[in-house]
Amino acid sequence: GEMCGLIGRNGAGKTTLLRALMGAIPATGTVRLGEVDLLALPPHRRVGCGIGYMPEDRRLVPDFTVEQNIRLPSWTTPTDGVEQRLQWIFAIMPEVAAFRARSSLELSGGQQKMVALARALMAGTRMLLLDEPFEGLAPALARRLGEVMANLKGQRLSILIAESNEVHIADLLSRAFRIERGAVAPV
């Protein structure tokens, strides 16, 4: 239920860790989410554990509308309450609801980041993994994204935010960890 930061320079291992947790790259060892060892599950089953992932490069499907991109996790993993979840997402991010019918290609990079967060929220009922969510955002959009993330604090979600520095996230975090050459230590 905490919001934690993983802080490190480019190349320190932040993205590698998040990709390993999601099964995009192989990893060894044990990673527990409750009673489940994530690394023992095939990658396609990890989303079903309630994990939402927002990659640094957004990875939206260009031929889909905004709403289709957000709904995508629910199409691949059986999910209860999809309509309620979508309405909750639109309530906390009304700007995303406003362009729900637009193609993801019509959006600015910052708007695409908001959609990527909304898609992660669709799957992330227990945990969110956010890779450099503030990178490249205009100051106004960075503030808005920070507001959305602050509103997630009371939602009983565990959130891990990987960032190169604490500028945008310091006030949001319960705890922070520094990663350097793959080694992680509390800040």
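Descriptive notes on the structure:
- Calculated over region 52-106: convex hull of Cα atoms, volume per residue (Å³): 91 Å³
- Dipole in debye (nearest 20) - the chain, about Cα centre, beta carbon charges: Lys, Arg +1; Asp, Glu -1: 200 debye
- Loop-resident GluC sites (Glu not before Pro) (DSSP state other than H, G, I, E or B) in region 34-108 with no more than 13 further Cβ atoms inside 10 Å of their Cβ: 35.
- Antiparallel bridge percentage (DSSP; both residues within region 50-187; nearest 5): 35 percent
- Solvent accessible area, Å² - residue 76, 1.4 Å probe, full protein context: 100 Å²
- For 79, 30, the ranking by accessible surface with the largest value first comes to 30, 79, using a 1.4 Å probe.
- Shown in residue order for region 10-22 are the 3J(HN,Hα) couplings computed by the Karplus curve 6.51 cos²θ - 1.76 cosθ + 1.60 at θ = phi - 60°: 4, x, 6, x, 4, 5, 4, 4, 5, 5, 5, 4, 7 Hz (x for Gly and Pro).
- Residue-level accessible surface for residue 148, protein heavy atoms, 1.4 Å, Å²: 0 Å²
- Summarising the amide proton neighbourhood of residue 6: residues at separation of 5 or more, or on other chains, whose placed amide H is nearer than 5 Å comprise 161, 162, 163, 177.
- Between residue 174 and residue 40, the C-beta separation translates, for a Förster distance of 25 Å, into a calculated FRET efficiency of about 0.35.
- 80, 131, reordered so the largest accessible area comes first (probe 1.4 Å): 80, 131
- Its Cα gyration tensor gives the chain an equivalent ellipsoid, and the semi-axes of that ellipsoid, as √(5λ) in whole Å with the largest first, are 24, 20, 15.
- A DSSP coil position with no more than 11 other Cβ atoms inside 10 Å describes none of the chymotrypsin sites (Phe, Trp or Tyr not before Pro) in region 1-99.
- With Cα atoms defining each centre, region 126-171 and region 74-111 are spaced 17 Å apart in the structure.
- Orientation-averaged projected area, Cα convex hull of region 78-164 (nm²): 6.0 nm²
- Per-residue 3J(HN,Hα) values for region 55-70, derived from phi via the Karplus relation 6.51 cos²θ - 1.76 cosθ + 1.60 with θ = phi - 60°, read x, 4, 8, 6, 6, 6, 7, x, 7, 9, 6, 4, 5, 4, 4, 5 Hz in sequence order (x marks Gly and Pro).
- The phi torsions of region 122-131, fed into the Karplus equation with coefficients 6.51, -1.76 and 1.60 and a -60° offset, translate into couplings of 4, 8, x, 7, 10, 8, 10, 10, 10, 9 Hz, rounded to whole numbers, with Gly and Pro shown as x.
The values are calculated or read from the model by the stated rules, or taken from the named source; none is laboratory data. Everything numeric in this text was worked out from a predicted model, so none of it was measured. Using ideal geometry, Cβ is built from the backbone for each residue, glycine included, and neighbour counts are taken over all protein chains shown. Note: accessible area is taken over every heavy atom of the protein model, side chains too, but ligands, DNA and RNA are not part of it. Shrake-Rupley method; radii C 1.70, N 1.55, O 1.52, S 1.80 Å.
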